[in-house]
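See below for the structure under consideration.
The values are calculated or read from the model by the stated rules, or taken from the named source; none is laboratory data. Quantities reported herein were computed from a predicted structural model and do not represent experimental measurements. Don't worry about glycine lacking a Cβ; one is built from the backbone with ideal geometry, like all the others, and counts go over all protein chains shown. For accessibility, only protein heavy atoms count, side chains too; no ligands or nucleic acids. Shrake-Rupley method; radii C 1.70, N 1.55, O 1.52, S 1.80 Å.
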Amino acid sequence: MSKDKTARLNRLLHNGRCLDIALDHGVCNEPTFLDGLEDMPGVIDKLVAAKPDAIQLNYGQSDLLQDRPGRDRPALVMRLDMGNPYNAVHHRVMWAVLQNQDDPVLPAVQRDAACVVVNLFMLPDEPDLFRQCVQNIARVRADCDRYGMPLMIEPLVMQAPTATSRYMVDGNAEKIVTLTRLAREMGADIVKADPTTDATDFHRVVQAARCPVLVRGGGREDLQQVFARSRVLLDQGAVGMVYGRNVYQHANPSAVVSALMAMIHDGASAEAAWNLYESGGVK
């Protein structure tokens, strides 16, 4: 990694570890993703007070974080792309494009982001979508090197939709490892990867990435199960998490953040994290 990226990376990874709360779901144009995000200023207020390492936003919401006075706030991770694979309906044409076509990384530089993130979709029978993602990453990577901006690539292996379901995560370790390796070959400074179906296989993803790996959260699940799986993934070599709906869709997001921060930075067990959550996040 270029030394020019070190300062920003140090803002994102505290002692090499990170909890990034993803609030960039509005760009997916999927109404079910907005449950809990209706009042963005209020959500940001709560999460800034909870003090995760980073908050992930699109350009249009980044002012809610970056325009705050003072220096005591989470780092900004800015999403640069958007697409339609998350919609509940299957589209005739699948696409993924950069939000800023002329100079895609410049808005992140102007908003003082610590990192940018771009998708690498691998959907069954959608080679053109994959090609678009590769083109996006190639363009963004060159600009990241020019601006000294760390690049987070999000390799996403998905299953084919059924008559009653949308595209869902494919936890096949072989597929995730292969796509993660591609992300690294294309210049990822950080990888945001889905968990493998068997969480004890995740060390293979970490090995393929050869850079810090954060685990993607996906849809809301039982919180005790989230904590239990997170502990295993951290023990397999992940340096942190990028969780969204498993934080902001809970009744007490601040308590979830406190529990996850204890796991990531203090090595807390899943049981200890749950007890901390139940106490309202008060140690």
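Would you point out the residue of the stretch 127-169, among those that are part of a helix (DSSP H, G or I) and of a type in the set (Asp, Glu), that is least open to solvent (accessible area, probe 1.4 Å)? Full working, then the answer.
As a first pass, look at the stretch 127-169 and keep what is part of a helix (DSSP H, G or I): 127-147.
Among the residues that remain, those that are also of a type in the set (Asp, Glu) are: 128, 143, 145.
Details: Asp128: 67, Asp143: 12, Asp145: 72 Å².
Ranking the candidates gives Asp143 first.
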Quiz item: Across the stretch 94-116, what is the total count of residues that are open to solvent by 50 Å² or more (accessible area, probe 1.4 Å) and either free of Cβ contacts under 8 Å to residues at least 24 places away in the same chain or in contact with a Lys or Arg (Cβ under 8 Å, 6 or more places away or on another chain) (or both)?
Solution: 4
Quiz item: Restricting attention to the stretch 61-72, and to residues there that are surrounded by fewer than 18 Cβ atoms within 10 Å (Cβ to Cβ) and on the phi < 0 side of the Ramachandran plot, which single residue is modelled with the lowest pLDDT?
Solution: Arg71
Quiz item: Residue check, Tyr86 against (1) within 17 Å of the chain's Cα centre (by Cα); (2) outside any helix (DSSP H, G or I); (3) modelled with pLDDT of 95 or more, all met but one. Which one?
Solution: (3)
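Whether any residue in the stretch 180-192 is among the basic types (Lys, Arg), within 17 Å of the chain's Cα centre (by Cα) and outside any loop (DSSP other than H, G, I, E, B) is what I want to check. Let's see the steps before the verdict.
If we filter the stretch 180-192 for residues that are among the basic types (Lys, Arg), which is where we start, we get 181, 184, 192.
Narrowing further to those that are within 17 Å of the chain's Cα centre (by Cα): 184, 192.
So of that shortlist, the ones also outside any loop (DSSP other than H, G, I, E, B) come out as 184, 192.
There is at least one residue in the stretch 180-192 that is among the basic types (Lys, Arg), within 17 Å of the chain's Cα centre (by Cα) and outside any loop (DSSP other than H, G, I, E, B).
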Quiz item: Asn58 is checked against (1) over 15 Å from the mean Cα position of the chain (by Cα); (2) under 28 Å from Ala238 (Cα atoms); (3) at pLDDT 95 or above; (4) open to solvent by 10 Å² or more (accessible area, probe 1.4 Å) and fails just one. What number does that condition carry?
Solution: (1)
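Tell me the helices (runs of 4 or more DSSP H) entirely within the stretch 193-283 that contain at least 2 residues that are open to solvent by less than 10 Å² (accessible area, probe 1.4 Å). Can you show your working first?
Numbers: elements: 202-209, 223-235, 245-248, 253-266, 270-278.
In the stretch 193-283, 202-209, 223-235, 245-248, 253-266 are the helices (runs of 4 or more DSSP H) which contain 2 or more residues that are open to solvent by less than 10 Å² (accessible area, probe 1.4 Å).
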